[in-house]
Amino acid sequence: MKIIDIRATPVTVPLAAPLRHANGSHWGRFVRTIVEVETDDGIVGLGEMGGGGESAVAAFNGLKPYLLGHDPTRLEEMRFIVANPTASLYNNRTQVLAALEFACLDIMGQKWGVPVHSILGGALRDRVPFASYLFFRYANHRDGSGEVRTIDQLVAEARSLKSTHGFTSHKLKGGVFPPSYELECYRALADSLPGDSFRFDPNGVWSTEQAIWFGRQIEDINNDYLEDPVYGLAGMRRTREKVRMPLATNTVVVGFEQLAANVLDTAVDVVLLDTTFWGGIRPCVKAAAVCETFQLGVAVHSSGELGIQLATMLHLGAVLPNLTFSADAHYHHLLDDVIVGGKLRYECGAIAVPDGPGLGVTLDRAKLEQYHELFKELGTYPYDRDPLRPDWTPLVPNTRWADPLDGRTPRVTP
Ligand SMILES: [Mg+2]
């Protein structure tokens, strides 16, 4: 079996409302790049990567001379073709490698008539539980819906998500408003859903002292963990010495060198594995095995996903013996998907692991075309800018917070 073509198609899919985070906002939509890898026996494998546009298409086109004629089952060889660690000093292609790995695993599964989780060691569970992943949101300017800024709005949104999808764990993305206000929000959230568990993630923008202060204020809550309260292993290590709850990261342990450093001098208790950031599903499985050996926790991270990437997260979640936390997904904020059958559904806070050959999801060609047209119409958006604060530059640690009394609505949602 040989690779004969690689195609990349940027798409834009609308969100219910703009998602706010510590560095800016998702402007009412996600831009993703859908990757198709075709083989000489007519199999097409699917991959997905965040972001898009000419640079993403060029990145995949630029790898055709490396990969056309390559056997898609030889994934370890492909790792060194695309992302040799010493060559990567000049060109870091980890995320590109991830999308190609997804597609090649999809090809292998289709060729052999087995789901990807069977290739990865076999499923230990047929459903992966998810957390609610709450964001502060601007309103959708088209109908004024979706705003999450006040405590009442946050609690109402959490209750609504729980009743619709059945979540029993709730993640609040912070780092937007002053920490004292976000503390009020988090405590109100925990009070409103007794018996559930909670996690908070300000994306590493607090000072170490602020992280310690916040951590000490929430020790009585049923926390899964506190995620990236401060940026950097040293700050995480100092915080960990002074708060009594696990610390998690998806920012300072995203590769094996950092994982080794964290094992030798522990700063983080729970490693959030992202199939894109780590360069594929298989590196995440390897990292989970290291975490299992050293008794560190793991969970499944979301860097934003349509159904193809979500399938990679489900196959990963299915095979990890040490997955004791629910996974994160932005997925429920999306209004649509590019896979046949539409969005995968949550039941009792979990999503069923696809059981068809390969990744188990099929590209809906009409949707791909529709959302590629929307991408061409709107282009990319600056993920690390806020549409209503054009002069704002967040610092690390940050002190330039948004005002929780500012109820303006940006006109950005498609
Ligand atoms: Mg995070």
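Each reported figure results from applying straightforward, stated rules to the coordinates on display, with no laboratory input. Here the structure is a predicted model, which means the values were calculated and not measured. Don't worry about glycine lacking a Cβ; one is built from the backbone with ideal geometry, like all the others, and counts go over all protein chains shown.
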What percentage of all Cα-Cα pairs in the stretch 119-352 are separated by more than 34 Å? 12 percent
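Counting DSSP beta bridges with both partners in the chain, what percentage is antiparallel, nearest 5?
Numbers: 32 of 54 bridges.
DSSP beta bridges in the chain are roughly 60 percent antiparallel.
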Taking R0 as 22 Å, what FRET efficiency do you get between residue 55 and residue 145 from their Cβ-Cβ distance, rounded to the nearest 0.05? 0.10
Length gain on complete extension for the stretch residue 395 to residue 286, per 0.36 nm per residue less the alpha carbon to alpha carbon distance? 35.8 nm
Please give me, ordered by residue number, the trypsin sites (Lys or Arg not before Pro) of the stretch 225-256 that lie in loop per DSSP and have at most 14 other Cβ atoms within 10 Å. 244
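Could you quote the convex hull projected area for the stretch 105-158, Cα atoms only and averaged over all directions, in nm²? Spell out each step's value before the answer.
Numbers: hull surface 27.0 nm².
Reported value for the Cα convex hull: 6.7 nm².
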Charge dipole magnitude, Cβ of K and R +1, D and E -1 - the stretch 173-262, Cα centre, debye nearest 20: 260 debye
Hey, what D do you get for the stretch 37-177 in µm²/s if you plug the Kirkwood alpha-carbon radius into Stokes-Einstein at 25 °C and 0.890 mPa s? 130 µm²/s
In degrees between 0 and 90, to the nearest 10, how far off the longest principal axis of the chain does helix 208-217 point, with axes built from Cα atoms? 70 degrees
Rounded to 0.05, the calculated FRET efficiency for the beta carbons of residue 332 and residue 257 at R₀ = 41 Å is 0.75
Between residue 219 and residue 385, what is the spin-label point distance in nm, taking each point 7 Å from the Cα along the Cα→C-beta axis? 4.4 nm
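From the convex hull of the Cα coordinates of the stretch 204-343, what is the mean projected area in square nanometres?
Working: hull surface 35.5 nm².
Projected over every direction and averaged, the Cα hull of the stretch 204-343 covers 8.9 nm².
Using R₀ = 30 Å, calculate the FRET efficiency as 1/(1 + (r/R₀)^6) where r is the Cβ-Cβ separation of residue 84 and residue 376; round to 0.05. Show your work: numbers first, answer last.
Values: r = 34 Å, r/R0 = 1.14.
Efficiency computed from Cβ-Cβ geometry: 0.30.
Need the full-extension length gain, residue 76 to residue 352, defined as separation in residues times 0.36 nm minus the C-alpha distance. One decimal, nm. Can you show the working numbers first?
Values: separation 276, 0.36 × 276 = 99.36 nm, distance 2.87 nm.
Separation in residues times 0.36 nm, less the Cα-Cα distance, equals 96.5 nm.
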What Rg and what Dmax come out for the chain when only alpha-carbon atoms are used, in angstroms? 20.6, 59
Which chymotrypsin sites (Phe, Trp or Tyr not before Pro) in the stretch 1-90 pass both tests, a DSSP loop state and at most 13 other beta-carbon atoms within 10 Å? 90
One quarter of the convex hull surface, Cα atoms only: what value does that give for the stretch 167-271 in nm²? 6.2 nm²
Under 28 Å Cα to Cα from residue 173, which lysines show up? Leave out anything in the same chain fewer than 8 places away. 162, 242, 286, 343
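Report, in debye and to the nearest 20, how large the dipole of the chain comes out about its Cα centre when Lys and Arg carry +1 and Asp and Glu carry -1 on their Cβ.
On the way: 39 positive and 49 negative charges, 62 e Å.
The calculation lands at about 300 debye.
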Distance between the C-alpha centers of the stretch 1-48 and the stretch 366-414? Whole Å please. 19 Å
